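Reading through the structure tokens given below for one structure.
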Amino acid sequence: MMRSGWPVLASIALAACQQELSPAEQERQDRRDIAQVEAAQKAKPPPQAITPAAISEADIAANDLYGAGCAFILPDAVNRMPILLSNSKRAVFKLDGRMVSLASDSGGVQFPLGSWGHYLGSRYALQIDKAPGEGEAIGDELTRWPGSITLRDAWDQIVYRRDGALECGA
């Protein structure tokens with residue numbers, strides 16, 4: 001069986017037709033090529049929306065999440081289970097069945113009981129906002145404010161934002 005030499009001949013002919021670049025032209029071409037590669041590496045991927053799940057009593061017990069701090073509760077939450085818990089050191093939310101922990105950013109706004117308005121992690125950053133004022137007292141140890149949370153990915157793109165209630169207590 002005889003093989004055709006066309007692909008080899010075509011590539012040789014194509015190479016022969018290409019003109020050699022002068023050193024200045026080659027440098028310009030190299031700069032363009034490098035710029036294209038760098039631009040591709042810096043491009044942000046499209047944001048991947050996430051949906052934090054309710055944190056159950058079993059999650060709280062298993063992860064020792066008891067103590068003073070704040071909880072973020074959605075208006076339509078079943079059994080008023082929070083989707084976020086925060087205290088002076090960290091904030092946690094549940095994503096795909098796992099708890100995600102973020103470290104407090106003590107350079108931001110401080111909330112009641114040592115909780116903070118901003119938390120940071122390797123994949124996400126959290127911003128908690130609450131309405132101004134003293135809030136609504138719920139019993140002896142709990143205060144509630146209207147509020148919102150915003151989660152951003154590593155490229156500072158919003159991947160989750162919701163309004164709800166921020167409840168802080170011991």
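Which condition breaks for Asp153 when tested against (1) closer than 15 Å to Gly69 by Cα; (2) open to solvent by less than 40 Å² (accessible area, probe 1.4 Å); (3) among the charged types (D, E, K, R)?
Unmet condition: (1).
Leu142 versus (1) more than 21 Å from Met99 (Cβ to Cβ); (2) modelled with pLDDT of 95 or more: which is the lone unmet condition?
Going through the list (1) more than 21 Å from Met99 (Cβ to Cβ); (2) modelled with pLDDT of 95 or more, Leu142 breaks only (2).
Which ones in the range 133-150 are under 20 Å from Gly67 (Cα atoms), in contact (Cβ under 8 Å) with a residue 12 or more places away in the chain and part of a strand (DSSP E or B)?
Within the range 133-150, Ile138, Leu142, Thr143, Arg144, Trp145 meet the criteria.
If we keep just the residues of the range 47-73 that are in contact (Cβ under 8 Å) with a residue 12 or more places away in the chain, closer than 16 Å to Ser101 by Cα and not in a loop (DSSP other than H, G, I, E, B), which is nearest to the chain's Cα centre (by Cα)?
My answer is Ala53.
So, Ala91, is that one in a helix (DSSP H, G or I) and hydrophobic (A, V, I, L, M, F, W, C) or not? Spell out how you get there, then give the answer.
Working: in a helix (DSSP H, G or I): no; hydrophobic (A, V, I, L, M, F, W, C): yes.
Judged against the criteria, Ala91 is not a match.
Just to be sure I understand the filter: pairs with C-beta atoms under 8 Å, separated by 6 or more residues or on different chains, first member in the range 27-46 and under 28 Å from Gln157 (Cα atoms), second member hydrophobic (A, V, I, L, M, F, W, C). Which pairs pass?
Every condition considered, the pairs that remain are Lys44/Trp155; Pro45/Trp155.
Tyr119: among the hydroxyl-bearing types (Ser, Thr, Tyr) and in a loop (DSSP other than H, G, I, E, B), yes or no? Can you show your working first?
Details: among the hydroxyl-bearing types (Ser, Thr, Tyr): yes; in a loop (DSSP other than H, G, I, E, B): no.
Taking the combined requirement at face value, the residue does not satisfy it.
Could you list, in sequence order, the residues of the range 100-132 that are open to solvent by 50 Å² or more (accessible area, probe 1.4 Å) and either touching a Pro at 6+ places or on another chain (Cβ under 7 Å) or in contact (Cβ under 8 Å) with a residue 24 or more places away in the chain (or both)?
Initial filter on the range 100-132 (open to solvent by 50 Å² or more (accessible area, probe 1.4 Å)): 101, 103, 106-107, 109-110, 113, 120, 122-123, 127, 129-130, 132.
Passing the criteria: Leu113, Ser122, Arg123, Gln127, Lys130.
Of everything in the range 78-99 that's more than 18 Å from Ala61 (Cβ to Cβ) and open to solvent by 30 Å² or more (accessible area, probe 1.4 Å), which residue is farthest from the chain's Cα centre (by Cα)?
Val78
The values are calculated or read from the model by the stated rules, or taken from the named source; none is laboratory data. Because the structure is a prediction, the values reported are computed rather than measured. All Cβ positions, even for glycine, are placed from backbone atoms using ideal geometry, and neighbour counts span all protein chains on display. The area values use the complete protein model at the heavy-atom level, side chains included, leaving out ligands, DNA and RNA. Shrake-Rupley method; radii C 1.70, N 1.55, O 1.52, S 1.80 Å.
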